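Encoded as structure tokens, the structure appears first; notes follow it.
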Amino acid sequence: MTNPDDIKDKFYEDLDSLIKTIPKEDKLLILGDFNARVGTDYTTWEGIIGRNGVGKCNSNGLLLLKTCAEHSLLITNTVFRLPHRNRTSWMHPRSRQWHLIDYVLTRQKDRHDILVTKSMCGADCWTDHKLI
């Protein structure tokens, strides 16, 4: 979130270029900490997010959503109806509010290959994020 816009733009340009190198018939899974909040507006972003998003969209979320729209990608974390603790991946240290900022993306046509995407409560690892 604290990176300047030119750094963010470069990241998404690089991601765009990389996605374009993957043949459309190949399976594609992108996992990452995007520091993006995509929100819950599944009607505007139909096919990109499901009905189970978390919170409000931020500027990084908008960049991610636009990239997903351009490449027909689905944000799988928002598809499954799970308890809040299994949909969020990171707690803000000051507000102590849980957010969804780590994602699993796939091509919309490959939605049937994803059985569930959820955060793992209590996984012991060296990060302040839950494992997805």
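Each reported figure results from applying straightforward, stated rules to the coordinates on display, with no laboratory input. Just so we're clear, the structure is a prediction, and the values are computed from it rather than from any experiment. Glycine gets a Cβ as well: all are built from the backbone with ideal geometry, and neighbour counts include every protein chain shown.
Lysine pair count for the chain with Cα-Cα distance under 15 Å and sequence separation of 8 or more or different chains is 6.
A simple count of charges around SER89, restricted to other residues whose Cβ falls under 14 Å of its Cβ and scoring Lys, Arg +1 and Asp, Glu -1, yields +2. A Förster radius of 30 Å combined with the Cβ-Cβ distance from SER59 to ARG81 puts the calculated FRET efficiency at roughly 0.65.
Helix-only arithmetic for the chain: the sum of -39500 (n - 2.57) across DSSP H runs with n ≥ 4, divided by the residue total, places the mean residue ellipticity at 222 nm at -7000 deg cm²/dmol. Lys and Arg at +1, Asp and Glu at -1: add these up for the other residues within a Cβ distance under 12 Å of GLY50 and post the number. So the environment of GLY50 carries a net charge of +2. Amide H contacts of ILE101: SER89, TRP90, each under 5 Å away and 5 or more positions distant or on a separate chain (H built 1.01 Å from N in the peptide plane; Pro and chain starts excluded).
Each of the chymotrypsin sites (Phe, Trp or Tyr not before Pro) that DSSP puts in a loop and that has at most 16 other Cβ atoms within 10 Å breaks the chain; the longest unbroken stretch is 1-79. What does a probe at ASP5 reach in region 22-61, counting residues whose amide N is under 16 Å from the point 7 Å along Cα→Cβ? Only 58-61 pass the distance filter. Once you place label points 7 Å from the Cα toward the Cβ at ARG94 and ILE22, how far apart are they in nm? Simple spin-label model gives 3.6 nm for this pair. Pairwise inverse Cα distances across region 1-89, averaged and inverted, put the Kirkwood hydrodynamic radius at 13.8 Å. Distance between the modelled labels on LEU31 and ARG111, one decimal in nanometres: 2.3 nm (7 Å Cα→Cβ projection). Under the combined filter of DSSP loop state and at most 16 neighbouring Cβ atoms within 10 Å, region 29-132 retains these trypsin sites (Lys or Arg not before Pro): ARG51, LYS56, ARG81, ARG94, ARG96.
Does region 57-132 classify as rounded, prolate or oblate by the C-alpha gyration tensor (a ≥ b ≥ c root eigenvalues; a/c under 1.5 gives rounded; else a/b over b/c gives prolate, otherwise oblate)? Oblate is the answer for region 57-132, as a/c is 1.5 or above yet b/c matches or exceeds a/b.
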